[in-house]
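The values are calculated or read from the model by the stated rules, or taken from the named source; none is laboratory data. All of these numbers come straight from a predicted model, not from anything done at the bench. Note that we place each Cβ from the backbone using ideal geometry, even for glycine, and neighbour counts take in every protein chain shown. Note: accessible area is taken over every heavy atom of the protein model, side chains too, but ligands, DNA and RNA are not part of it. Shrake-Rupley method; radii C 1.70, N 1.55, O 1.52, S 1.80 Å.
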Amino acid sequence: ENFALAKSWIQTCIQQHDACRSGSEPEFLPTRLIHVGDPAQGKPPRLVLTAHFPFPEQTHYLALSHCWGTDSGKTVTKTMTSTLPAQLQRIDAESLPKTFLDAMEVVRRLGHRYLWIDSLCIIQDDKKDFEVECSSMHLVYSQALCTIVAADSPDGDGGCFVPRNPLMAKPYRLPNEPDEAQVTIYPNFGPWVLGIQRGPVFRRGWCLQEREMSPRVLHYTRDRLMWECRECTAAEDKPELAAKKQTNESLAAHLSSARLLDDKDLHAVSKLASRVQLKSHKWDRLAEAYSRRRLSVVTDKLPAISGMARVLAERQPDEYLAGIWKGNLFKGLSWFPHKSRDHPALVPAGSWPPGPVDAGIPSWSWAAYDGPITFV
Ligand SMILES: [Zn+2]
């Protein structure tokens, strides 16, 4: 599954890309990590506590971005207060969904040991633990060596390695060459961004922040493996790292596709507009893109982007009010529900403003509306 290629992308990025290294806090480690073990040697995966790791700055881990599958009524393996002691000893591989097992395989084959998965590394029935871990979620992804995205799996059963259509990528033996000379022929997949937009992960609320914060991402899509870091993109069919096409213009053109928080981009266009304006513009696009995604838990609406808000507030101090920046208050309040094919009925009569079920979000915030929005 292209592990050598993924390894070479990671290596080149670490050695050559300054922007992909910036903002790293080597001392940070998530509270818990999964030691992926080695089933072939009879060593099962297990949870480990990182508090006593002697060299945190030398510990590398990968993180998983995935769909829980709540929409399809399924659920993923979780860590509960009652199961934690046993999981610190071993995690029963048979209890794990394919997506988790595939991600562990990626970690092993890339030569690493540790993986972070939300449902296993956060104690799911401990409210305090959720709050503490949620507040450092952006760090979990920004400090990960690389994020593995199970792009085409609607739930835990889909996996990272999705069975492919054999007609899509065809090995071809070159005529008049020695027997072993073989190339793989791929169809024209079109622009890079289209490749990552199709899968269900692209529609999940939490996954927006997970991708935005990660310095490096391996997208395991239905058709091919795709790479993204802050500076470059690549894919299995076009393995050379190519500089990211991201100007302010293309940002507007690919509203929901480009990464919006890239450092490089922020620096590059800072001459054109004031940083405050730029941040507002980016945040508006981000909120619009985010409002098109789905969350299984309605109270997650603001928490699932709070890490990005925190990072922006550090760069550009401003007061953050339920999804809106005080420095951009007028624009921030000027939003309207967006009519789209996915949401044909806009606001049913009598249901606006939303009632108190709306997770305590004030009705003037775009985040209170459960559906796509657009700023004026
Ligand atoms: Zn890079």
Requested in this report: State yes or no: is R224 modelled with pLDDT of 85 or more, in the same structural domain as T147 (by TED's automatic domain parsing), buried (at least 22 other Cβ atoms within 10 Å of the Cβ) and closer than 30 Å to P163 by Cα?
Outcome: no
Query raised in the report: Among all residue pairs at least 6 apart or on different chains, which show Cβ distances below 7 Å where the first residue, located in the range 12-34, is of a type in the set (S, T, Y) and at pLDDT below 85 and the second is surrounded by 21 or more Cβ atoms within 10 Å (Cβ to Cβ) and assigned to a loop (DSSP other than H, G, I, E, B)?
Result: S24/Q143
Query raised in the report: Do you know which of the residues in the range 307-328 that are part of a helix (DSSP H, G or I) and surrounded by fewer than 13 Cβ atoms within 10 Å (Cβ to Cβ) is farthest from the chain's Cα centre (by Cα)?
Result: K326
**Report entry** Given (1) within 16 Å of the ligand (Cβ to nearest atom); (2) surrounded by 14 or more Cβ atoms within 10 Å (Cβ to Cβ); (3) more than 28 Å from F202 (Cβ to Cβ); (4) not aliphatic (A, V, I, L, M), index of the condition H60 fails
**Finding:** (3)
Query raised in the report: Using beta carbons and a limit of 6 Å, which pairs, at least six apart or on different chains, have the first residue in the range 364-376 and within 9 Å of P337 (Cα to Cα) and the second one assigned to a helix (DSSP H, G or I) and aromatic (F, W, Y)?
Result: I373/W366
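So in the range 89-101, with the set limited to residues that are outside any helix (DSSP H, G or I) and open to solvent by 60 Å² or more (accessible area, probe 1.4 Å), which one is nearest to R204 (Cα to Cα)? Can you show your working first?
Going through the range 89-101, the residues outside any helix (DSSP H, G or I) turn out to be 90-92, 96-97.
Adding the requirement that they be open to solvent by 60 Å² or more (accessible area, probe 1.4 Å) leaves 90, 92.
Working: R90: 30, D92: 28 Å.
Per the criteria, the residue is D92.
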Query - Residue in the range 166-186 that is more than 16 Å from the ligand (Cβ to nearest atom), assigned by TED's automatic domain parsing to the domain that holds A19, under 29 Å from E25 (Cβ atoms) and open to solvent by less than 70 Å² (accessible area, probe 1.4 Å) present - result: no
Query raised in the report: In the range 105-129, which residues are open to solvent by 60 Å² or more (accessible area, probe 1.4 Å), in a helix (DSSP H, G or I) and closer than 22 Å to T83 by Cα?
Result: K127, K128
Query - Single condition T79 does not satisfy, out of (1) out of contact with any strand residue (DSSP E or B) (no Cβ under 8 Å at 6 or more places or on another chain); (2) surrounded by 14 or more Cβ atoms within 10 Å (Cβ to Cβ) - result: (1)
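Each row is one residue, and each column tells you yes or no for (1) under 13 Å from P30 (Cα atoms); (2) modelled with pLDDT under 95; (3) in the same structural domain as V298 (by TED's automatic domain parsing); (4) assigned to a helix (DSSP H, G or I).
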site: P54; (1), (2), (3), (4): no, yes, no, no
site: E57; (1), (2), (3), (4): yes, yes, no, yes
site: L62; (1), (2), (3), (4): yes, no, no, no
site: D71; (1), (2), (3), (4): no, yes, no, yes
site: Q87; (1), (2), (3), (4): no, yes, no, yes
site: A103; (1), (2), (3), (4): no, no, no, yes
site: E131; (1), (2), (3), (4): no, yes, no, yes
site: C134; (1), (2), (3), (4): yes, yes, no, yes
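Can you find, within the range 1-52, the residue that is farthest from the ligand (Cβ to nearest atom) among those that are in a strand (DSSP E or B), open to solvent by less than 80 Å² (accessible area, probe 1.4 Å) and aliphatic (A, V, I, L, M)? Walk me through how you get there before you give the answer.
Within the range 1-52, the first condition is being in a strand (DSSP E or B), and the residues that meet it are 32-35, 38, 43, 46-49.
Going one step further and asking which of them are open to solvent by less than 80 Å² (accessible area, probe 1.4 Å), we end up with 32-35, 38, 47-48.
Filter once more, keeping what is aliphatic (A, V, I, L, M): 33-34, 47-48.
Details: L33: 23, I34: 25, L47: 30, V48: 28 Å.
Among residues in the range 1-52 that are in a strand (DSSP E or B), open to solvent by less than 80 Å² (accessible area, probe 1.4 Å) and aliphatic (A, V, I, L, M), the one farthest from the ligand (Cβ to nearest atom) is L47.
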Query raised in the report: Here are some conditions: (1) out of contact with any Lys or Arg (no Cβ under 9 Å at 6 or more places or on another chain); (2) assigned to a loop (DSSP other than H, G, I, E, B); (3) closer than 26 Å to Q11 by Cα. P166 meets all but one. Which one does it not meet?
Result: (3)
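Are any residues in the range 184-206 part of a strand (DSSP E or B) and farther than 15 Å from M168 by Cβ, and if so, which ones? Talk me through it step by step, then tell me what you get.
So in the range 184-206, the residues part of a strand (DSSP E or B) come out as 184-185, 204.
Result: R204, single match.
Just checking, which of R216, R198, R211, R230 is buried (at least 24 other Cβ atoms within 10 Å of the Cβ) and among the charged types (D, E, K, R)?
Values: R216 fails: buried (at least 24 other Cβ atoms within 10 Å of the Cβ); R198 fails: buried (at least 24 other Cβ atoms within 10 Å of the Cβ); R211 fails: buried (at least 24 other Cβ atoms within 10 Å of the Cβ).
Within the list R216, R198, R211, R230, the selection yields R230.
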